Amino acid sequence: MLAVNERLPYLRGKTSKLSSRPGCYIMKNESGKIIYIGKAKNLKNRVSSYFRKDADHLPKVAKMVSNVYDYDFIITDSEFEALVLECSLIKQYKPKYNILLKDDKGYSYIKIVGTDYPRLECALQKYDDGAEYIGPYTSSYAVKQAVNEANRIFRLPDCHKKFPQDIGKSRPCLNYHINKCMGVCRGKISKEEYADIIRQAIDFIRDGSEASIEKMTKDMLEASENLEFEKAARLRDRINAVTKTSMEQKIIDEDRRDCDIIAAAVMNENACVSVVMYREGRLFDKASFFLKDQDNTADMREEFIMQFYSSREYIPKFIYIDTELESINDITEFLRQKCGHAVTVSCPKRGEAVKLVELSRSNASEYLSINVGRTGKEIVALDELARALDLPKPPRLIECYDISNLGSTNVVAGMVVFENGRPNKKLYRKFAVKDVIGQDDYACMREVVKRRFERYLGNDEAFAFKPDLILLDGGTGHVNTIAPLLKELGIDIPLYGLVKDSRHRTRAIATGGGEITLSQRSAGFHLITAIQDEVHRYAITFQRSKRGKTAYAMKLTEVKGIGDVKAKLLIKKFKTKEALKNASVEELAKTAKVDRETAQQLKNVIGEM
């Protein structure tokens, strides 16, 4: 629990006199250190939102506000000027609660090793060793992919043999026989010919597939004119290999082959933003940034984009993002002025660009999963669910309810809780429906949910947690029954139903007035299916257990002197049929509060059960 900032009355008073013009605000702590810098098109409205009473801030904002002692501001002529100023001030002061990207760490290179028969290798650092380096790249993933691709296309050796000393000393390996290596070890490829192939491979890495094909086509025609038909044939095969690889990777249309795709994955207060870069129609590089104390908001993405591109030399013409941004026009103008050419920043809704955004989001999810100890599939599932339901962020706690009954007797309910995409059985709860007479699913659900949240509001430790999302095993009718109840109790939590098909399988998510359908192949659909299956299992297991205890109780009441109350005492004490059978006559007499003779009759009946 964060301490209340005692300076809030002063800060509110100061903000009441603030200008409504655009500008930047600079939050400071008690020692005068800048801890956060932001921009606003209306300074008064924006700054007031931090200090208002009963503000429901996201975790990062709440932490920042609790440490604000005072603030300064700078008025600008436009929101665009405020955006540029904000970026500049963040780079200058590096405030604690702003996104700070480190651009000088984790670079990788492609190293050309050797002199007579050079090899292509991955290198994490650049040394002054006389070798040639290509790069830097921001991810080792891109380097490994480029090296593997060049080795495959140009059939370069990747074995441990050293050339020329190992030439002719052993038979070619399997890669030669399956046409994945040119077979330098046979001794039939000269240093000059090998150097020419390496040059072509380096051109392919540096210039991309189009420039590489253009150069090799020119060399092929020249070899053909000189009647060097074998050389021309080898160049033809390399051109075909490069073309095939280029076609496999070309998932971007001709006009948008240079682009960056930015997407974020968020779990609780941890975020990862991934930037996947395409150049010349092929995957060129990937950069992932793990960010702590962040919220899944458009503001976080805006700040990231400004910090990321403010320090980069090259900005592509197209940038795709995973969320609509309020300041997208100002960001676009900033990038255009920085790079000197047209830039389009957009959130695609259809087509191939959507697939690219999903690819970048998957990269972000996998990177985040490494840092938070969750699988990428779990993170993707929660993110998909949040986007489908228009939640502000992926839900940490999901609570789901199901009613189970046999006719109008033994009506019970199960409540299961999934935390960060996994069942948390410590938070599961069981309910025996008490007030509803007969078979009325809606009334039973209302009773159970009401009892749960009345205990939450009454500070009952067993129900002290508050979910981020409530799901009901049922359709629109269930949602419309429970929604007014939650409003009546003052509980503001997103509420949806889980609808099953005729074969009792999850089909869709019910709202108060319709349904939301998820792709059955999506991770989000698999998550809600798992939740619905689990709550059904839990509720029906409880119902069967309760039904079994009722059957035991009815059998016990056949003994003279044992009524419903004493039968319940016995079941409560011994719990299982096996425990009852193993109980001594004295134990039965003491528990049921009967004499030894009655206890012996009880023992005989239990033995026949």
Legend entry - In the range 122-146, the residues that are of a type outside the set (S, T, N, Q), surrounded by fewer than 14 Cβ atoms within 10 Å (Cβ to Cβ) and either in a loop (DSSP other than H, G, I, E, B) or modelled with pLDDT under 80 (or both): Leu124, Tyr127, Asp128, Asp129, Gly130
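Yes/no matrix, rows are residues, columns are (1) at pLDDT below 90; (2) in a loop (DSSP other than H, G, I, E, B); (3) touching a Phe, Trp or Tyr at 6+ places or on another chain (Cβ under 8 Å); (4) not acidic (Asp, Glu):
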residue	(1), (2), (3), (4)
Ala62	yes, no, no, yes
Asp72	no, no, yes, no
Glu81	no, no, no, no
Asp104	yes, yes, no, no
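Yes/no per residue for (1) in contact (Cβ under 8 Å) with a residue 40 or more places away in the chain; (2) of a type in the set (Lys, Arg):
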position: Ser78; (1), (2): yes, no
position: Lys111; (1), (2): no, yes
position: Arg119; (1), (2): no, yes
position: Tyr133; (1), (2): no, no
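Rundown of residues vs (1) buried (at least 19 other Cβ atoms within 10 Å of the Cβ); (2) modelled with pLDDT under 80; (3) not in a helix (DSSP H, G or I), yes/no style:
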position	(1), (2), (3)
Leu120	yes, no, yes
Asn148	no, no, no
Asn175	no, no, no
Glu210	no, yes, no
Inset, instruction - Tell me which residues, restricted to the range 157-173, are within 29 Å of Ser108 (Cβ to Cβ) and more than 38 Å from the chain's Cα centre (by Cα). - result: Pro157, Cys159, His160, Lys161, Lys162, Phe163, Asp166, Cys173
Inset, instruction - Would you please name the residue that is nearest to the chain's Cα centre (by Cα), looking only at residues in the range 301-318 that are buried (at least 21 other Cβ atoms within 10 Å of the Cβ) and of a type in the set (A, V, I, L, M)? - result: Ile305
Inset, instruction - Would you check if Asn329 is over 22 Å from Tyr278 (Cα atoms), surrounded by fewer than 22 Cβ atoms within 10 Å (Cβ to Cβ) and modelled with pLDDT under 85? - result: no
Inset, instruction - Looking only at the range 572-581, decide whether some residue is closer than 22 Å to Ser545 by Cα, more than 50 Å from the chain's Cα centre (by Cα) and without any contact (Cβ under 8 Å) to a residue 24 or more places away in the chain. - result: no
Legend entry - Filter result for the condition that a residue is basic (Lys, Arg), over 15 Å from Asp260 (Cα atoms), surrounded by fewer than 17 Cβ atoms within 10 Å (Cβ to Cβ) and at pLDDT below 90, over Lys393, Lys434: Lys434
Legend entry - Flag for Leu11 being in contact (Cβ under 8 Å) with a residue 60 or more places away in the chain, over 19 Å from Ile90 (Cα atoms) and aliphatic (A, V, I, L, M): yes
Inset, instruction - Tell me which of these Val68 doesn't satisfy, since it passes every other one: (1) within 30 Å of Glu333 (Cβ to Cβ); (2) touching a residue at least 24 places away in the same chain (Cβ under 8 Å). - result: (1)
Inset, instruction - Say whether the condition of being in contact with a helix residue (DSSP H, G or I) (Cβ under 6 Å, 6 or more places away or on another chain) and surrounded by 13 or more Cβ atoms within 10 Å (Cβ to Cβ) is met by at least one residue in the range 178-187. - result: yes
Legend entry - Qualifying residue in the range 589-605 (condition: assigned by TED's automatic domain parsing to the domain that holds Asp402, over 30 Å from Arg429 (Cα atoms) and modelled with pLDDT of 75 or more): no
Legend entry - Condition check for Asn45: at pLDDT 85 or above and over 31 Å from the mean Cα position of the chain (by Cα): yes
Legend entry - When residues of the range 284-295 are limited to those that are surrounded by 18 or more Cβ atoms within 10 Å (Cβ to Cβ) and over 12 Å from Val61 (Cα atoms), the one modelled with the lowest pLDDT: Phe284
Legend entry - the range 150-171, residues that are polar (S, T, N, Q) and surrounded by fewer than 18 Cβ atoms within 10 Å (Cβ to Cβ): Gln165, Ser170
Inset, instruction - Return the total of residues in the range 515-541 being part of a loop (DSSP other than H, G, I, E, B) and either touching a strand residue (DSSP E or B) at 6+ places or on another chain (Cβ under 8 Å) or under 18 Å from Leu469 (Cα atoms) (or both). - result: 2
Legend entry - Qualifying residue in the range 88-101 (condition: over 24 Å from Ser31 (Cβ atoms), out of contact with any Gly (no Cβ under 7 Å at 6 or more places or on another chain) and crowded, with 20+ Cβ neighbours inside 10 Å): no
Inset, instruction - Just one of (1) more than 10 Å from the chain's Cα centre (by Cα); (2) at pLDDT 90 or above trips up Leu382, so point out which. - result: (1)
Legend entry - Among the residues listed as Ala443, Ala386, Ala381, the single one being more than 17 Å from Leu498 (Cβ to Cβ) and in a helix (DSSP H, G or I): Ala443
Inset, instruction - Among residues belonging to the range 446-470 that are acidic (Asp, Glu) and either within 30 Å of the chain's Cα centre (by Cα) or part of a helix (DSSP H, G or I) (or both), point out the one that is farthest from Ile482 (Cα to Cα). - result: Glu461
Inset, instruction - Mind telling me which of the residues Ser31, Ser48 ends up being in a loop (DSSP other than H, G, I, E, B) and small (Gly, Ala, Ser)? - result: Ser31
Legend entry - First in the range 489-516 and on the phi > 0 side of the Ramachandran plot and free of Cβ contacts under 8 Å to residues at least 24 places away in the same chain, second anywhere and assigned to a loop (DSSP other than H, G, I, E, B) and of a type in the set (Lys, Arg), Cβ under 8 Å, 6 or more apart: none
Inset, instruction - Kindly provide the set of residues from the range 346-372 that are aliphatic (A, V, I, L, M) and loosely packed, with under 15 Cβ neighbours inside 10 Å, ordered by number. - result: Val354, Ile370
Inset, instruction - Give just the number: which of (1) of a type outside the set (A, V, I, L, M); (2) touching a helix residue (DSSP H, G or I) at 6+ places or on another chain (Cβ under 7 Å); (3) crowded, with 20+ Cβ neighbours inside 10 Å does Asn270 not satisfy? - result: (3)
Inset, instruction - Just one of (1) farther than 27 Å from Arg312 by Cβ; (2) part of a loop (DSSP other than H, G, I, E, B) trips up Leu11, so point out which. - result: (2)
Inset, instruction - Report whether or not Gly561 is surrounded by fewer than 16 Cβ atoms within 10 Å (Cβ to Cβ), modelled with pLDDT under 80 and not in a helix (DSSP H, G or I). - result: yes
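The values are calculated or read from the model by the stated rules, or taken from the named source; none is laboratory data. Since the model is a prediction, treat every value here as computed from it, not as a measurement. Heads up, the Cβs are rebuilt from the backbone with ideal geometry, glycines too, and the neighbour counts pull from every protein chain shown.
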